[in-house]
1. Only residues that are of a type in the set (A, V, I, L, M, F, W, C) and closer than 20 Å to residue 46 by Cβ: list them for segment 77-114, please.
2. Taking the condition of being under 30 Å from residue 473 (Cα atoms), touching a strand residue (DSSP E or B) at 6+ places or on another chain (Cβ under 8 Å) and of a type outside the set (S, T, N, Q), how many residues in segment 261-316 meet it?
3. Looking at segment 362-385 only, could you name the residues that are of a type in the set (D, E, K, R) and closer than 15 Å to residue 342 by Cα?
4. If you take the residues in segment 150-185 that are within 13 Å of ligand 1 (Cβ to nearest atom) and more than 19 Å from residue 93 (Cβ to Cβ), which one is modelled with the highest pLDDT?
5. Report, by residue number, each residue of segment 307-339 that is farther than 25 Å from residue 257 by Cβ, of a type outside the set (S, T, N, Q) and in a helix (DSSP H, G or I).
6. Filter segment 133-178 down to the residues that are part of a strand (DSSP E or B), touching a Phe, Trp or Tyr at 6+ places or on another chain (Cβ under 8 Å) and within 18 Å of residue 236 (Cβ to Cβ) and list them by number.
7. Right, residue 240: more than 16 Å from ligand 2 (Cβ to nearest atom), within 27 Å of residue 473 (Cβ to Cβ), among the β-branched types (Val, Ile, Thr) and out of contact with any Gly (no Cβ under 8 Å at 6 or more places or on another chain) or not?
8. Can you tell me which residue is nearest to ligand 1 (Cβ to nearest atom) among those in segment 243-254 that are buried (at least 22 other Cβ atoms within 10 Å of the Cβ) and part of a loop (DSSP other than H, G, I, E, B)?
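The values are calculated or read from the model by the stated rules, or taken from the named source; none is laboratory data. Only a predicted model underlies this, so the values are computations on that prediction, with no experimental measurement involved. Using ideal geometry, Cβ is built from the backbone for each residue, glycine included, and neighbour counts are taken over all protein chains shown.
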Amino acid sequence: MTVHFPFQNSYSALPDSFFARVAPTPVAAPRLIKLNRPLALQLGLDPDTLETPEGAAILAGKTVPDGADPIAMAYAGHQFGHFVPQLGDGRAILLGEVIDKDGVRRDIQLKGSGPTPFSRRGDGRAALGPVLREYIVSEAMYALGIPTTRSLAAVVTGEHVLRETALPGAVLTRVASSHIRVGTFQFFASRRDTEAVRRLADHVIARHYPDLLQADRPYHALLAAVVERQANLIARWLLVGFIHGVMNTDNTSISGETIDYGPCAFMDSYNPAQVFSSIDEMGRYAYANQPRIGLWNLTRLAECLLPLFSDEQEKAVAEAQDILGAFSDQFSAAYQAGLRRKVGLFTERDGDEALIQDLLDAMAKNQADFTLTFRKLGDAAVDDGADARAQFMEPAAFDEWAGRWRARIALEPQGPAERRAAMDAVNPMFIPRNHRVEAVIQAAVNDDYAPFEELTKVLARPFEDQPGHAAYADPPLPDQRVLQTFCGT
Ligand code: AMP
Ligand code: MG
């Protein structure tokens with residue numbers, strides 16, 4: 001049996017300045033630790049052959065499959081607000097693209113597969129911990145219904161990578177609808193290469209926004225479409241308590257998928273100022289700052305597109321500002337609609353927004369668990385709300401609010417069971433809690449992958465109760481709390 005990838009590559013057909021041709025660096029002893037079989041099937045790949053030693057060799061970058069055209073993509077980016085004119089895939093190599101079962105073009109990329117011309121001082125490698133973290137969290141996001149890159153496989157390389165200590169090396173196979181970022185546009189715009197910006201924009205429109213080919217002003221429409229997808233994406237993050245951690249422009253996908261799972265984390269108790277990333281000392285990428293940063297990143301994209309808007313700069317700037325102006329309303333609409341669903345409101349009335357904000361304020365004050373408060377509020381639609389109440393340090397704060405909530409839901413015709421079902425469908429029981437992710441990584445580093453298997457299985461059905469796995473819903477005990485996360489590069 002040979003492993004067959006039905007590659008149909010388009011990015012590597014773009015001009016040479018878009019990438020560097022580079023093959024993965026072979027590794028000593030590849031061993032497959034996880035294959036995402038449903039995703040393999042979705043991509044038109046045969047999971048059985050991918051599970052053979054030949055498959056593991058490909059997924060580790062030891063052999064390059066037929067039809068691949070391996071490249072490292074060029075990009076720039078603002079990192080924590082500072083512009084770096086050249087970043088690029090320093091530890092990732094795009095093998096090629098396949099068309100999936102739904103007709104969607106998907107990148108297949110190896111992350112941690114050795115140095116590239118963009119590696120700068122890095123070794124081009126990834127450690128097992130961050131690879132598993134990305135696998136777990138990206139697949140959890142997918143199960144939550146949030147646009148994201150996916151994880152097809154994780155392999156260990158049989159080699160060590162040197163970080164603060166020697167760690168087992170690993171490679172993640174990442175699948176994305178593309179790896180084009182705001183930073184990809186910045187790479188060319190900062191070099192004043194307007195023709196390349198246009199070429200990239202045309203590629204993006206054809207690939208991600210084909211409806212815009214008919215638009216009067218396709219480049220304006222492209223900016224508007226990316227703005228809309230990012231506004232919706234960030235609203236979705238907030239609604240599940242997700243903190244990306246490194247919202248640099250090179251980690252902002254043009255397709256609107258969540259990309260680059262580094263020091264990301266889900267919060268346990270609700271705190272709008274929550275930061276986990278060890279390198280985010282100023283809290284730039286704190287939970288509640290994410291919409292603002294999203295708009296900042298989109299403004300950087302708009303700057304790149306100005307020369308395509310008009311030769312008159314003032315006119316182009318005004319048009320860009322007009323388009324960016326839609327972000328706040330789009331974000332708020334998506335966020336508020338999501339919150340209404342989370343508290344079980346089927347209709348919209350004056351005062352709803354304030355009512356929900358009062359709940360959030362009480363949660364923050366009482367260190368209520370974000371996920372469990374909403375999940376148990378669903379139970380409160382059918383019972384006395386004791387479990388929701390128990391999330392609050394001072395339960396009286398919940399009681400006062402719950403009285404007003406009960407009066408509000410009584411104005412709607414839906415019965416308790418219907419309301420609870422609707423709430424359970426949007427309020428997950430299971431999220432990748434930090435302490436669980438850390439425990440799984442610790443076990444895996446000691447060659448025990450059973451906890452990883454179990455966690456990924458639970459997180460694949462986040463909205464189901466799964467009584468046998470109830471403990472996975474629990475917040476950390478005080479001594480299990482993870483206060484910081486690391487990007488692990
Ligand atoms: P990230 O923080 O993962 O978004 O990466 C930022 C930049 O650093 C990208 O250009 C990466 O390719 C590069 N990079 C991160 N880790 C490594 C590494 N171990 N070796 C080479 N380049 C890296
Ligand atoms: Mg990145």
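1. Here is the first cut: in segment 77-114, the residues of a type in the set (A, V, I, L, M, F, W, C) are 80, 83-84, 87, 92-95, 98-99, 104, 108, 110.
Correct list: 95, 98, 99, 104, 108, 110.
2. So the answer is 13.
3. Start the filter on segment 362-385 by keeping residues that are of a type in the set (D, E, K, R), which leaves 365, 369, 375-376, 379, 383-384.
Matches in segment 362-385: 369, 375, 376, 379.
4. Applying the filter and picking the extreme gives 182.
5. At the first step, the residues of segment 307-339 found to be farther than 25 Å from residue 257 by Cβ are 307, 309-319, 321-322.
Imposing the further condition that a residue be of a type outside the set (S, T, N, Q) reduces the set to 307, 309, 311-312, 314-319, 322.
Within segment 307-339, 307, 309, 314, 315, 316, 317, 318, 319, 322 meet the criteria.
6. Step one: filter segment 133-178 for residues part of a strand (DSSP E or B), giving 148, 150-162, 166-176.
Imposing the further condition that a residue be touching a Phe, Trp or Tyr at 6+ places or on another chain (Cβ under 8 Å) reduces the set to 148, 150-151, 154, 172.
Matches in segment 133-178: 148, 150.
7. Numbers: more than 16 Å from ligand 2 (Cβ to nearest atom): yes; within 27 Å of residue 473 (Cβ to Cβ): yes; among the β-branched types (Val, Ile, Thr): yes; out of contact with any Gly (no Cβ under 8 Å at 6 or more places or on another chain): yes.
Considered against the rule, which asks whether it is more than 16 Å from ligand 2 (Cβ to nearest atom), within 27 Å of residue 473 (Cβ to Cβ), among the β-branched types (Val, Ile, Thr) and out of contact with any Gly (no Cβ under 8 Å at 6 or more places or on another chain), residue 240 comes out as yes.
8. Among those that are buried (at least 22 other Cβ atoms within 10 Å of the Cβ) and part of a loop (DSSP other than H, G, I, E, B), it is 248.
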